[in-house]
Amino acid sequence: LTTGIVLKLAGIYFVLRIIDGAAQYFMSGIGHIMGVHIETDMRRDAFDHLLLLDHTYYNNTKVGTIMGRITNDLFDVTEFAHHCPEEFFIAGIKIAASFVILCQANVPLTLVVFACVPLMGVVSVKLNRKLRVQIGELNSTIEDSLLGQRVVKAFAAEDMEREKFAQGNRDFEQIKTLSYHAMAAFNTSTRLFDGLMYFVVILAGGLSLVYGAISAGDLVAYVLYVSTLIATIRRIV
């Protein structure tokens, strides 16, 4: 009987791994191909829209900025469009399952752990807003310089163009530096909240163990499920 159960569980696990592999192929392959189709349609619509704009728009907007919109920005939008639904669907299942399983072990401890999640989300959103790097201005500087090379050479203005590009390059360097500071703060906050949730589990779970509200085995299992929960939340963040 024991051997039969082991073989049955092994068979179920094998089938689930096959399903997982097929789902992973669909997400990585078909999902990205769908993203390419979305990006192609959006780029076509963006270009059609640009053809309808008047001279005022082009006088006030640099071409490098427009190029950044229809290349880098559209790519980011399509990545979000085809990754976000599947990521949130999977995360929703994992978080709901974790909540149910953790509540079966200890309801008060689970409520304390989940109380950290909204705070983590608010801090993450605020820090994530700082992770915006704008390369349109640098693209515009390069484009203006290259398109005007005949004029530059006619007036021997290479040094002036070189200095103008150097200034744009320094500005871009400063923007990138600030963005990496923001990224470091973002990643640090995520790790700190991970530590906070583990701290809550160890402290409250340890006290519950001392007072007999939870068994040692349940506490170990609780920590393992919390690890799955934290990994899921980190992925969403």
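Values for this structure:
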quantity	calculated
Region 52-92-region 206-229 distance, computed between alpha-carbon centres (Å)	46
Charge dipole of the chain about the Cα centre (unit charges at C-beta), most positive-ward option of 179, 13, 27	13
Rounded accessible area of residue 180 (nearest 10 Å², 1.4 Å probe)	120
Among (i) 23.0; (ii) 24.7; (iii) 20.0, the entry derived from the coordinates for Kirkwood radius over Cα pairs in Å	(i)
Ordering of 159-166, 204-211 by burial proxy (mean other Cβ atoms within 10 Å per residue, highest first)	204-211, 159-166
Accessible area per residue in Å² at 1.4 Å probe, computed on the chain	68
For peptides 193-201, 59-67, sequence by mean Cβ density within 10 Å, most packed first	193-201, 59-67
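The values are calculated or read from the model by the stated rules, or taken from the named source; none is laboratory data. The structure displayed is predicted, hence computed values, not measured ones. For neighbour counting, all protein chains shown are included, and Cβ atoms are generated from backbone atoms with ideal geometry for every residue, glycine included. Please note that ligands, DNA and RNA were not included when accessible areas were found on the heavy atoms of the full protein model with its side chains. Shrake-Rupley method; radii C 1.70, N 1.55, O 1.52, S 1.80 Å.
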